[in-house]
Amino acid sequence: MSKIIIGFISLLTLLLTACGQARSNKDEAAEHHSQATPESHKQSTQIGELVPSDEVCMVNDAYMGKKQFDVKFDGKTYYGCCEMCKERIPKDADVRVALDPYSHKQVDKALAVIAVTGKNGEVSYFESKENYANYLKKQ
């Protein structure tokens with residue numbers, strides 16, 4: 001039980017850190033916490049499972065288990081879990097790209113094949129299903 005609580009607190013800290021400083025406005029905090037967290041869905045998703053891009057917070061690189069806020073930028077759609085993510089995606093090019101763990105090439109998160117690769121819902125982005133399949137073979 002204590003491991004679950006510690007894991008949840010760690011995850012919450014990660015989410016708040018990635019999205020920016022904690023909010024002081026109660027309404028904003030309630031809105032943020034109404035979104036799913038990876039911890040609440042980790043048992044329904046297996047490591048290696050492909051997930052829909054609209055259920056991933058692309059700022060936190062975490063599978064959230066339900067539709068996230070969509071953010072249109074440069075003709076593409078990215079997803080974030082909170083208002084701070086929605087603001088950060090257009091401003092910070094680093095949150096819109098990732099390295100494909102198989103090819104080690106940079107991939108645009110809006111165009112990527114996304115799979116859960118961590119115990120707590122962490123995701124990785126692949127430039128193709130072929131790279132994803134080859135990555136699984138290496139594991």
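Things worth noting here:
- Against the numbered list (1) surrounded by 14 or more Cβ atoms within 10 Å (Cβ to Cβ); (2) at positive phi, GLY75 comes up short only at (1).
- In the condition set (1) buried (at least 22 other Cβ atoms within 10 Å of the Cβ); (2) more than 19 Å from GLN46 (Cα to Cα), ALA98 is compliant with all but (1).
- Of all the residues in the stretch 59-81, those that are free of Cβ contacts under 8 Å to residues at least 12 places away in the same chain and assigned to a strand (DSSP E or B) number 1.
- Residue check for SER124: in contact with a Ser or Thr (Cβ under 9 Å, 6 or more places away or on another chain), small (Gly, Ala, Ser) and surrounded by fewer than 19 Cβ atoms within 10 Å (Cβ to Cβ): no
- Unmet criterion (only one of (1) touching a Gly at 6+ places or on another chain (Cβ under 9 Å); (2) acidic (Asp, Glu); (3) touching a residue at least 60 places away in the same chain (Cβ under 8 Å)) for GLU122: (1)
Each value in this text was obtained by applying a stated rule to the coordinates, not by laboratory testing. What you see is a predicted model; the values in this text were computed from it and never measured. Every residue, glycine among them, receives a Cβ derived from its backbone with ideal geometry; neighbour counts consider all protein chains shown.
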